[in-house]
Amino acid sequence: MITLEQINAFRSVVESGSYSAGGRAIGKDRTTVRELVLALEDILGQSLFVIQGKKALPTEFALYLYPRANHLAKQAKEFEQVALSAQDMKITEFRICYDVQIPMAFLTELDATIAETYPSLLVHWLHRNRHDALAFLEKGEAQIALMPTLSDLLPSQRVGVMNIGASKLGVYVHPTSPLALQKQVSLRDLARYPQWLSEDVILTDKRIMQVSPQRHMISNSDLAVRLIANRGWTILNVLDGSHYEQAGLVKRLQVDELVQAFHSGTSLFYSYALEGNSTMTNIISMVRVCSKKYLN
């Protein structure tokens, strides 16, 4: 009978190109990996690798089997993670990653809702970009992440995702900016000034991403608001932008080509390892309830 251990050894050798490297990838020595692959070959009645020097080159048959072996190995890992959390272990700390585009009012109400249900739970809010947030989820260093939706970038099979709405975005400058004094502002006008751009900004109108030839990356809205006091403009979610505007720190521009506000989709990413945990399930429900109020 074919075992998961044999399948994992086979997959590792295909990916690494040798028995030694394959063994290191899965924490086994070269001899053990080779024996597992040989046992699999005996069961299948076909060779899976051609040895050339220190390299193990996969046969055509091996390449045919690899996608299925890879899928089985990932499913086994996912099963292990879910099974270990099936006892519904008590969570004492909960880490939430969020992006600069997520409205602060949404995060504030979510925190209050969590605290009301779980007063002793330590909630940590981690400002991270999308790449780092997903890495945290995969390593178990965070439980959920609230991030912009990127249709061409999907998470790994260890991370679940659901769409929870969209943030309304606007273009903002300092009230003393020359742009704020213009009666009409066009994309061409914006192109003349530096643009402070969020790490993970994704807009329905892709042109807004490339308006200014002077694009500066930034990951903090408070700093962006301070920086535009000296130069340039930035994009903020309208809820946060309204707060800054009431304080006299920014002015929202009505751009000719953008008759209506544009939106950025927002997704909730979560770790499959805690999918069956009651605390995780309840907090995900809280996210969805709060999103209906703050995300269109």
Inside region 34-49, can you point out the residues that are closer than 16 Å to L63 by Cα and open to solvent by 70 Å² or more (accessible area, probe 1.4 Å)? Q46, S47
Scan of region 1-33 for residues that are surrounded by fewer than 19 Cβ atoms within 10 Å (Cβ to Cβ), of a type outside the set (V, I, T) and not in a loop (DSSP other than H, G, I, E, B), ordered by number: L4, E5, E15, S16, S20, A21, R24, A25, R30
Of the numbered conditions (1) at positive phi; (2) open to solvent by 50 Å² or more (accessible area, probe 1.4 Å), Y64 satisfies every one except a single condition; which is it? (1)
Hey, can you tell me all the residues within region 237-279 that are in contact with a Gly (Cβ under 8 Å, 6 or more places away or on another chain), within 27 Å of Y118 (Cα to Cα) and in a loop (DSSP other than H, G, I, E, B)? E275
Pair list, Cβ under 7 Å, 6 or more apart: region 63-88 residue modelled with pLDDT under 90, other residue of a type in the set (S, T, Y): E78/Y272; Q81/Y272; V82/Y272; D88/S278
Among the numbered criteria (1) touching a helix residue (DSSP H, G or I) at 6+ places or on another chain (Cβ under 7 Å); (2) more than 12 Å from N8 (Cβ to Cβ), which one does G53 miss? (1)
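The values are calculated or read from the model by the stated rules, or taken from the named source; none is laboratory data. As the structure is a prediction and not an experimental result, all values here were calculated from the model. Neighbour counts run over all protein chains shown; Cβ positions are idealised from the backbone, glycine included. These area figures cover heavy atoms from the full protein model, side chains too; ligands, DNA and RNA do not enter into them. Shrake-Rupley method; radii C 1.70, N 1.55, O 1.52, S 1.80 Å.
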